[in-house]
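A.B. asks: Can you keep this structure in mind? I'll have questions shortly.
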Amino acid sequence: MKTIENEINQNLMPEESLQIINSMINAAKNKLADDGFHLIFWGWLVTFCALTQYITLKLNIEWGGWVWMLMPLGGIVSGIYGHKQGKKQKVKTHIDSYLGFVWGGFIIAMAITLGFGYAHGIKSTYFFLMLLYGLATFISGGILNFKPLIYGSLFSFAFAILSVFLGEIDQFLCISAALILSYIIPGHMLRSKFKSQQHA
């Protein structure tokens, strides 16, 4: 897999180097647009689980919590998709690496939050999850200069604050709203942008 250094450390004219860098930045943007799949996939999956548990809790149905067993299955699907996309990728840039660290750190922080957050109460766990949703999308949007991600992240921050004033069951509504506005809608916009670029 090529990197920017491998390309520009050759004997190229400055104009050629700039063209290569610009093409790689555009390639990275296209990659994220293609990876909008992960935002859409996880956004809808977690929203479905959160709303299912909200409804079952309201109806006093006991099995609602089992819906979260879809998460490991989602991880398998996401991993397979990411592996296939990695094989197709011909160019790797610093932007790809930055995004990898952002989302890698997000996964680690989320796992720690889910693993230990309940010791401080379920409300604090959901509060920090929404902060993490917002932080990851805010940084990703900044790296790619994609404003819908940045704006979407602000909704996650806002719903995290709102969740402090709501009951435990209503936390699931906050999570759903945060994901719709910070993952699903920006994810579909990224997908649309990618498709338009492919046909340009």
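What follows draws every value from the coordinates through simple rules; no lab data is involved. The model shown is predicted, which means the values in this text are computed figures rather than measured ones. Methodologically, a virtual Cβ is constructed for each residue, glycine included, from the backbone with ideal geometry; neighbour enumeration extends over all protein chains shown.
A.B. asks: Could you sort out which of Lys84/Lys193; Lys123/Lys147; Lys58/Lys147; Lys123/Lys193; Lys58/Lys193 sit more than 27 Å apart by Cα distance in this structure?
C.D. replies: Those over the limit are Lys123/Lys147; Lys58/Lys147; Lys123/Lys193; Lys58/Lys193.
A.B. asks: Using mean Cβ contacts within 10 Å as the protection proxy, how do 165-174, 41-50 order, highest first?
C.D. replies: 41-50, 165-174
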